[in-house]
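The next block holds one structure in the form of structure tokens; read it before the comments.
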Amino acid sequence: LFPGLCDTTVETVVQGPLPGIEATKIQELIDNGDGRNDVGDTVIYTITVENTGNTVLTGVTVVDTLTDLQGGPEDLTSGPNFVSASDGSSDGTLQIGETATYTASFDITLDVVNARGLENTVTATGTPLIPDGVPGDPDPISDVSDNGNDADGNVVDDPTVLALSPSTTTAGLTLTKTTPRVVVERGSIVPYTVTLTNDNDFVVGPADVVDSLPAGFLY
């Protein structure tokens, strides 16, 4: 009537899914040959996305957000483009412990220099692949990138920032003011043309031109 007692048994324990994903974005500024960090230089971004969980990730995507340091939106010159994965997976799939690498670039513009630089993040998203018979909900997971520099005291989700300084100088600038009028009468209109020329071999700006009229004269 009762099952016999035994001193051995077999128990199967199934580990539940613990998906994880981590994105990192680092940068390198490539000089255009003028020895200055300014217009015409190129920022090369390297993005890595690691599967830190215990499930395969599918549908892996990276979405980039790029702004200048005043909050103005900017568009990457290229990328993000998939390069490779450490275990040979194709774009969009990450095996457990695998890391995918992407690259992107941005050519520095005058607007970005005047805004004092760039701020960049990437959001990586993937969907866990849960085997049959394992409980769990395969909702997508995501991570906002870290800049790869933990020495700054922020070890997670801090943006990749490039600070730039505008080139301001009074040297190498030529300012002229001309008018076609030779003789003028009271009440007549005198047109002026003000020309500012940058004779340097680098971009200067922002420029501020102030025209001071003699006392009693008005535009």
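The values are calculated or read from the model by the stated rules, or taken from the named source; none is laboratory data. Keep in mind the model is a prediction, meaning the values are calculated, not measured. Only protein heavy atoms, including side chains, enter the accessible area calculation; ligands, DNA and RNA are left aside. Shrake-Rupley method; radii C 1.70, N 1.55, O 1.52, S 1.80 Å.
Per residue, what accessible area does the chain have, given a 1.4 Å probe and all protein chains present, in Å²?
About 63 Å² of surface per residue is accessible.
Can you check what the Kirkwood hydrodynamic radius comes to for the range 81-135, Cα pairs only, in Å to one decimal?
With all distinct Cα pairs of the range 81-135 included, I get 14.6 Å.
Give the carbon-plus-sulfur fraction of the accessible surface of the range 177-219 in %, rounded to a whole number; probe 1.4 Å, heavy atoms of protein chains only.
In the range 177-219, the share of accessible area belonging to carbon and sulfur is 58 percent.
Quick one: give the max-minus-min coordinate of the C-alpha atoms of the range 47-117 along each principal axis, largest first, in Å.
45, 19, 15
If you take the alpha carbon radius of gyration of the range 1-133 and divide it by 2.2 N^0.38 Å, what ratio comes out, to two decimals?
Normalised Rg, Cα atoms only: 1.63.
Stokes-Einstein D for the range 7-68 at 4 °C, 1.567 mPa s, Kirkwood Rh over Cα pairs, in µm²/s?
In µm²/s, the coefficient is 80.
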